[in-house]
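The values are calculated or read from the model by the stated rules, or taken from the named source; none is laboratory data. What you are looking at is a predicted structure, and each value in this text was computed from that prediction instead of being measured. We place every Cβ from the backbone using ideal geometry, glycine too, and count neighbours over all the protein chains shown.
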Amino acid sequence: MKLCPSCKLRYPEEATQCFVDRTALIAAPDPYLGAVVAGRYRIEEVLGSGGMSTVYRAMGSGGERPVAVKIFRRELLGDGKLRERFRREAANTRRLAHRNIIEILDEGELDDGVPFLVMELLQGNTLEGVLKRANGALGIERAVHLLRQLAAGLARAHDFQVLHRDLKPENLYVCPQPDGSELLKILDFGIGRFTHDTRLTNSGEIFGTPQYMAPERITSTEAGTAADLYAMGCIMYRCVTGVLPFVAKDVTGFLVQHLREIPRPPRLLNAMVPPELDALILQCLEKEPALRPVDAHAIERALSALGASHPLPRRPSGGLLPQVPAVRTIPPEVVRTSVHGMFTAESASRWGRRVEIFGAMLSRAFPSGTTPALAESFGALRSTALRMTEVHAQWRVQQQRIDALAAQARDAHERFGRAMDALGEDLSQSRQRAQAAHAEVHHARELLRDAQEQFARAHAAVLALGADVVAGPEAVERYRSASTALDSAAGLQERARAAGEAALAREAEGKDLAFQIEALRAQLEHVAQTSEDEEAAVQTEVGALATDLAQMEASLVGAANALTTALRGREDLAALFRELETNAA
């Protein structure tokens with residue numbers, strides 16, 4: 001495809017100059033630059049590329065909000081697993097609706113079958129970039145502020161049974177805010193999955209980043225939410241010390257250390273780390289999942305308490321981090337209105353004016369009547385321009401319908417999210433109470449076992465007196481010791497029984513809350529699916545209208561090119577051609 005840098009019209013590869021002002025055409029630097037995705041997102045520049053996709057900056061149909069469009073690599077279309085992971089990134093993320101998780105606005109496939117997803121466009125830098133820029137540990141206050149947000153976003157994902165499975169600083173984005181604070185966003189749920197999803201991982205296949213991988217992720221593909229908490233522990237460790245908990249020369253070295261080695265306490269590397277934070281990080285890095293915090297809510301509570309005692313100093317307003325530069329862009333002169341100009345009301349109006357100019361040219365050049373060929377080209381030009389105005393109006397109406405449906409869906413997701421936060425927090429505290437109750441059961445049983453052993457020894461000492469026991473100080477002491485041990489054992493047996501009943505009550509409380517959360521998830525699934533089905537139906541109409549508009553643009557360019565080829569060069573039309581060229585800008 002070639003483009004006119006002046007009027008932004010598209011031409012086939014064989015074309016050399018624009019029909020309007022004979023401007024030399026340029027080759028599109030990227031096959032998707034200038035394209036309109038899903039009939040509503042105009043791609044303007046490349047932001048970055050990865051192994052699975054390329055991310056572009058684009059403008060929404062209304063022109064008021066820039067977005068990021070991630071497009072799957074065409075050469076990977078044959079890899080079904082990668083395509084499914086790409087699809088899951090949208091499916092796993094879109095319904096979470098949390099300020100600390102990137103917002104997915106749209107998803108689908110291009111006309112050529114290439115999957116895409118549309119995300120909010122973030123300004124700032126990855127946490128990896130922030131850490132490299134710091135060249136060491138972050139300040140404790142800043143680290144706690146960012147990590148608390150990570151825990152909050154992770155808690156929302158886990159409440160909806162979504163695992164990330166590749167948490168690392170590269171997948172966390174730090175966005176400067178107008179008040180000088182920083183907002184953290186979790187990105188890339190591409191290899192994440194719902195806990196009930198069919199696995200994409202083959203036997204012996206490991207996905208994730210070795211520096212942040214939980215031991216159970218290495219030995220099993222069935223790792224749960226605790227594996228994300230371990231990865232968060234690694235991130236926390238690096239934020240407050242400037243280094244990873246384990247350092248190795250190769251992947252195998254990292255995996256072995258995650259499985260066997262105990263990390264050094266962060267306070268040994270940074271004396272500014274509070275004891276509570278040191279203990280929390282080490283708990284997250286426990287080898288046994290059951291010994292880690294009960295969930296991300298518990299980590300958030302702990303970090304919130306630390307944040308209260310270590311408040312973040314208020315920063316002056318303004319950007320804190322540099323914006324990541326674009327890798328490749330459309331030349332500035334092409335970006336002005338977008339290559340696909342037919343998706344703007346101004347373009348429809350401009351074509352209407354061009355029809356008037358061409359009509360004036362024909363009247364002046366052929367006052368007695370034009371040739372059949374020119375009359376046919378002009379008729380096609382005029383009828384297509386009129387039809388374009390009608391279709392563009394329909395396209396705008398459908399866009400507004402999609403926007404309204406999307407707004408309703410976001411509102412619903414936010415309502416469900418708030419309800420889930422409340423239930424999730426209750427469940428988290430219930431889990432902590434259950435954990436404490438089970439710890440009390442274990443402790444009471446250990447004490448009971450010791451008391452029973454002590455009674456057994458005391459009883460054996462009494463039996464050793466024989467049947468002809470003689471009353472005396474020794475016999476009295478042995479009987480007294482046995483009686484005391486028996487009373488202690490009886491009391492501890494009652495304590496263990498009460499602790500067991502309390503633990504069962506806590507478990508029942510947790511099961512009830514889990515049932516409520518599952519019911520809430522089911523409601524959201526129904527609402528979200530209904531909303532997505534409605535949006536998909538309207539999106540089909542939008543796509544059809546967008547295709548019509550693209551075909552109309554090609555028809556208009558062809559008809560206008562035929563007219564200018566026949567009429568250019570006539571001195572009596574020079575003024576009209578100058579007007580045509582002025583109208584092209």
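Looking across region 105-131, the residues that are in a loop (DSSP other than H, G, I, E, B) and not aliphatic (A, V, I, L, M) come down to D111, D112, G113, Q123, G124.
Could we say that V114 is touching a strand residue (DSSP E or B) at 6+ places or on another chain (Cβ under 8 Å), among the β-branched types (V, I, T) and either closer than 16 Å to L184 by Cα or modelled with pLDDT of 90 or more (or both) here?
Values: touching a strand residue (DSSP E or B) at 6+ places or on another chain (Cβ under 8 Å): yes; among the β-branched types (V, I, T): yes; either closer than 16 Å to L184 by Cα or modelled with pLDDT of 90 or more (or both): no.
Taking the combined requirement at face value, the residue does not satisfy it.
Inside region 51-84, residues that are touching a strand residue (DSSP E or B) at 6+ places or on another chain (Cβ under 9 Å) and not polar (S, T, N, Q) make up a count of 21. A505 meets the conditions (1) crowded, with 17+ Cβ neighbours inside 10 Å; (2) under 30 Å from G417 (Cα atoms) in every case but one. The failed one is (1). Being exposed (fewer than 14 other Cβ atoms within 10 Å of the Cβ), modelled with pLDDT under 95 and either hydroxyl-bearing (S, T, Y) or assigned to a loop (DSSP other than H, G, I, E, B) (or both) is a description that applies to T198. For region 425-441, the count of residues that are in contact (Cβ under 8 Å) with a residue 24 or more places away in the chain, within 20 Å of H526 (Cβ to Cβ) and either in contact with a Leu (Cβ under 6 Å, 6 or more places away or on another chain) or surrounded by 13 or more Cβ atoms within 10 Å (Cβ to Cβ) (or both) is zero. On the given criteria, is D159 buried (at least 20 other Cβ atoms within 10 Å of the Cβ) and either free of Cβ contacts under 8 Å to residues at least 12 places away in the same chain or under 14 Å from the mean Cα position of the chain (by Cα) (or both)? In short, no. The condition of being part of a helix (DSSP H, G or I), in contact with a strand residue (DSSP E or B) (Cβ under 8 Å, 6 or more places away or on another chain), small (G, A, S) and assigned by TED's automatic domain parsing to the domain that holds E376 holds for only one of A562, A546, that being A546. Quick test for you: out of R74, R65, R133, pick the one residue that is on the phi < 0 side of the Ramachandran plot, in the same structural domain as G153 (by TED's automatic domain parsing) and surrounded by fewer than 16 Cβ atoms within 10 Å (Cβ to Cβ). Going through R74, R65, R133 in turn, just one is on the phi < 0 side of the Ramachandran plot, in the same structural domain as G153 (by TED's automatic domain parsing) and surrounded by fewer than 16 Cβ atoms within 10 Å (Cβ to Cβ): R133.
In region 443-453 there is no residue matching the filter, namely being exposed (fewer than 14 other Cβ atoms within 10 Å of the Cβ) and hydrophobic (A, V, I, L, M, F, W, C). Screening region 259-370 for helices (runs of 4 or more DSSP H) wholly inside it with 3 or more residues that are at pLDDT below 80 returns the ranges 332-335, 345-365. Of the residues in region 119-128, at least one is out of contact with any Asp or Glu (no Cβ under 7 Å at 6 or more places or on another chain) and under 30 Å from P275 (Cβ atoms).
Scanning region 132-142 for residues that are among the hydrophobic types (A, V, I, L, M, F, W, C), assigned to a helix (DSSP H, G or I) and over 13 Å from A308 (Cα atoms) returns a single hit, A134.
Of the residues making up region 355-373, those that are of a type outside the set (F, W, Y) and over 21 Å from T582 (Cα atoms) are P367, S368, G369, T370, T371, P372, A373. Of everything in region 179-189 that is modelled with pLDDT of 90 or more and farther than 17 Å from N92 by Cβ, the residue that is surrounded by the most Cβ atoms within 10 Å (Cβ to Cβ) is L184. Restricted to region 80-111, and to residues there that are more than 21 Å from A536 (Cα to Cα) and at pLDDT 85 or above, the residue that is surrounded by the fewest Cβ atoms within 10 Å (Cβ to Cβ) is R99.
Criterion applied to A485, A496, A502 was being in contact with a Phe, Trp or Tyr (Cβ under 7 Å, 6 or more places away or on another chain) and assigned by TED's automatic domain parsing to the domain that holds H442, and the one residue passing it is A485.
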